[in-house]
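These notes concern the structure reproduced below.
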Amino acid sequence: MGFVKGSSKACLFIGFLFILNCGFCVFAQENGNEERKVYIVYLGERQHDDPEVVAESHQRMLESVFESVEDARESIIYNYHHGFSGFAATLTDSQAKQLSDRPDVLTVQSNREVHLQSTRVNDYLGLSPSLPKGLLHESNMGSDIVIGFIDSGVWPESQAYNDEGLGPIPKHWKGECVAGQDFDPAKHCNKKLIGAKYFTDGWKERFPGSEIGENEYMSPRGWIGHGTSVSSIAASSFVPNVSYGGLAPGVMRGGAPKARIAMYKVVWAKAPLDSTSVANVVKAFDEAMKDGVDVLSISLGTPINPIRPFNSIGEDLEISSFYAVVKKGIPVIAGACNTGPDAYTVGNLAPWLLTVAATSLDRAFYVDMTLGNNITIMGQSQYIDWDMSGAVISATSYAKGLILARSSDFQNDYESDLPIVYVDYEVGYKLLHYIRSSSSPTVTISKGKTLVGRPLSTQVCGFSSRGPNSVSPAILKPDIAAPGKLILSALSQNFPTAFPGFGISSGTSLSTPVVAGLVVLLKAIHPDWSPAALKSAIMTTAWKTDPYGEPIFSEGSPRKLAGPFDFGAGLVNAERAKDPGLVYDMNLDDYIHYFCASGYNDTSITILTGKPTQCSSPLPSILDVNYPAITIPDLEEEVTVTRTVSNVGPVDSVYKAVVEAPKGVKVAVEPETLVFDSNTKKLGFKVRVSSSHKSNTGFIFGSFTWSDGTRNVTIPLSVRTRVLKP
């Protein structure tokens, strides 16, 4: 149904349609078949501390497949020699094959494009600076932490980057701002924006016929608003009197308002999609590790490869993020992707990544529609230029606007800069009845308004990609959820949807920096915690309801209660995460366990980790990876799962096991009580799981908790029964 405007009046047409907004969708495309193309060669752990020596070794390796030293030198695009060893170079397929056959090469990957996956949020999550105490104050709002973004650049004039009240730049920071087109480090960097680099990958030579957009800048300045958006969500300074055309008014601030920002621009405006290449992203990781970032937020990804071997090493961004997390201790937070709500669509699956799903929050934008019979009804709309009084309403045609009736299952999906008002079917039928019963039906539509508070239910967004994990089914993905729907953030002032310099967007791109901001705060008060410990703290303390205690639903048709494959461990709970009590920690040996259990060969694991490895026979169980979730994809007979927890709470603590077993599943814990003291800081336990089901089931869910009476350390329990054939 829809809207028509004549010379002086508008006609309204109502249509019953389903619309699912996919936010910033993520795709991967192979480069064209050229004689030479970009390959990324991963060599694993560095064999020398001097980056120049490492780079020379790359040159010698290339000389072995080129006819001259000069040709080998000219083929190199990037040397990766800070966090790990590797390089990007232009090679023929046969040269790439020669290199991949070498025993000292971990893997050779063809270059691919990677695409982008965007304030009420922090108050909704309980992070309020007005409270006299809490995580924000205890962490000094992240002042000594540097958060890096691998994204589309920054708009440095944005007030999100004002450095008022900030102290000196942290002493551990070794990075810099790099000059370029319309970007002067002396002018555009400060004590807030302390790092800015850009990576082009020799664009014109590598992507002939695919030009960088005419509005783009050959510098850290980003015409695309995405990088400015995500960095402002995680770490914007306080910016008063912000709104999007009157919607979402208030003070904008990031989750960690005093954290320092470093931007690594890898995404460029180009036709047909804004994108980057893996080579650029890997180089950005390498530079970030050298520069001294403390946390990395990555709102990038590629879709799931359905033919990817289960035990393949080197899928896209996994290797570089592995070195950041496991070798350098840098937490990497990534989006779950925007290809939901179908199952098995979640991306960024590596167990060392903190993978974030997207939910709505308790804020909506609406308009009042007053009909000619003086009845006023409410509809949802993000459009900011409504100026319609006494417009003729019709059920047969449109031009000026649209009232769209659709299922209430999608009540939080109404992002659009077009003149559209969304209503549910019940309201739609009332409008249709009014149109048919009136000889001259009219409607007056008000300016947009903002509604905040409890009546609005929280849902996992329809676009947010869902589990299970398609590569390692026993590793839960996504890990956690955070608001990613209709989020207000800073944008490039020249970006088309900015108003002015601010916008409202949706996607897991935006839920990712919400969690990244929280990780900054946690790292500030727990600097000695590993990325795995920080991840465990966030997962084991998550809400299973919204902050008001109301259930969280999974948006889709039909709507259902959200579960672990929708929101991971649940909705992030900032204040509880600072004091989790126990953590499921992981170190290099735990990740080697994961590699062995997944079937990776000894040589690959040794090259990747730098630790000589010989997997046991039989191989260890992937169910025993010390992950803060238990996922059993094929329960045939009784299985025993092992886990280890470390005490990060009071020294003398006693925890008792509390099990909420999935229906028809028996769960027993040994021991049932864990006792910690000054000599006992880490304890292991076993969980025996069996099923009474007589037929195959889909996944059924429960939970397992260690409780000391104050702290509840809860992990999801997901089980799928497979009945053995007689």
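A few comments on the model shown:
- Charges were assigned to the Cβ only: +1 to each Lys and Arg, -1 to each Asp and Glu. The resulting dipole of the chain about its Cα centre is roughly 2020 debye.
- Rule-of-thumb Rg ratio for region 58-147 [Cα; 2.2 N^0.38 Å; N residues]: 1.93
- Rounded to the nearest 10 Å², the accessible area of ILE150 at probe 1.4 Å: 0
- Kirkwood Rh, Cα atoms: Rg over Rh of region 458-591: 1.01
- Overall shape of region 497-548 was characterised from the C-alpha gyration tensor. The equivalent ellipsoid obtained from it has semi-axes of 27, 16, 9 Å, in decreasing order.
- LYS578 accessible area, assembled protein chains, probe 1.4 Å, Å²: 50
- Efficiency of FRET between ILE375 and LYS187 - r from beta-carbon atoms, R0 56 angstrom, step 0.05: 0.50
- Local electrostatic count, ASP71, Cβ distance below 12 Å [Lys/Arg +1, Asp/Glu -1]: -2
- By accessible area with a 1.4 Å probe, ligands and nucleic acids excluded, highest first: order of SER75, SER57: SER57, SER75
- Of HIS58, HIS693, the order by accessible heavy-atom surface (1.4 Å probe, DNA, RNA and ligands excluded), from most exposed downward, is HIS693, HIS58.
- Counted over all Cα-Cα pairs of the chain, pairs farther apart than 36 Å make up 44 percent.
- Stretching the chain fully between ASP368 and LYS560 yields a gain of 66.2 nm (0.36 nm per residue, less the alpha carbon separation).
- Note on ASP652: accessible area is roughly 120 Å² with a 1.4 Å probe, heavy atoms of protein only.
- Residue-normalised accessible area of the chain, expressed per residue, 1.4 Å probe, Å²: 38
- Gap separating the Cα centres of region 118-169 and region 619-658, nearest whole Å: 35
- Cβ-based charge dipole, the chain, positive-most Cα from ALA597, HIS82, ALA186: ALA597
- Couplings for region 420-429, taken from phi via the Karplus curve 6.51 cos²θ - 1.76 cosθ + 1.60 with θ = phi - 60°, read 10, 10, 9, 9, 8, 4, 4, 5, x, 5 Hz in order; Gly and Pro are left as x.
- Distant-in-sequence amide contacts of TYR198, defined by a placed amide H-H separation under 5 Å and a gap of 5 or more residues or a different chain, comprise LYS265.
- With a Förster radius of 30 Å applied to the beta-carbon distance between VAL675 and GLU636, the computed FRET efficiency rounds to 0.30.
- Rg ratio for region 630-696: its Cα radius of gyration over 2.2 N^0.38 Å, N being its residue count, equals 1.34.
- Of all accessible heavy-atom area on the chain, the percent that carbon and sulfur account for (1.4 Å): 50
- Per-residue accessible area (protein heavy atoms, 1.4 Å probe) orders ILE435, ILE261 as ILE435, ILE261, starting from the largest.
- Charge context of ALA542, other residues only, Cβ under 13 angstrom, K/R +1, D/E -1: -1
- With K and R counted +1 and D and E -1, the other residues having a Cβ less than 11 Å from that of GLY684 yield a net charge of +1.
- Extreme residue, positive dipole direction of region 33-72, given options SER57, TYR42, VAL69 (C-beta unit charges): TYR42
- Computed [θ] at 222 nm, deg cm²/dmol, the chain (DSSP H ≥ 4; -39,500 (n - 2.57); rounded to nearest 500): -5500 deg cm²/dmol
The values are calculated or read from the model by the stated rules, or taken from the named source; none is laboratory data. Small disclaimer: the values here were computed from a predicted structure and weren't measured. So basically every Cβ, Gly included, is an ideal-geometry build from the backbone, and we count neighbours across all protein chains shown. Heavy atoms of the whole protein, side chains included, go into the accessibility calculation; ligands, DNA and RNA do not. Shrake-Rupley method; radii C 1.70, N 1.55, O 1.52, S 1.80 Å.
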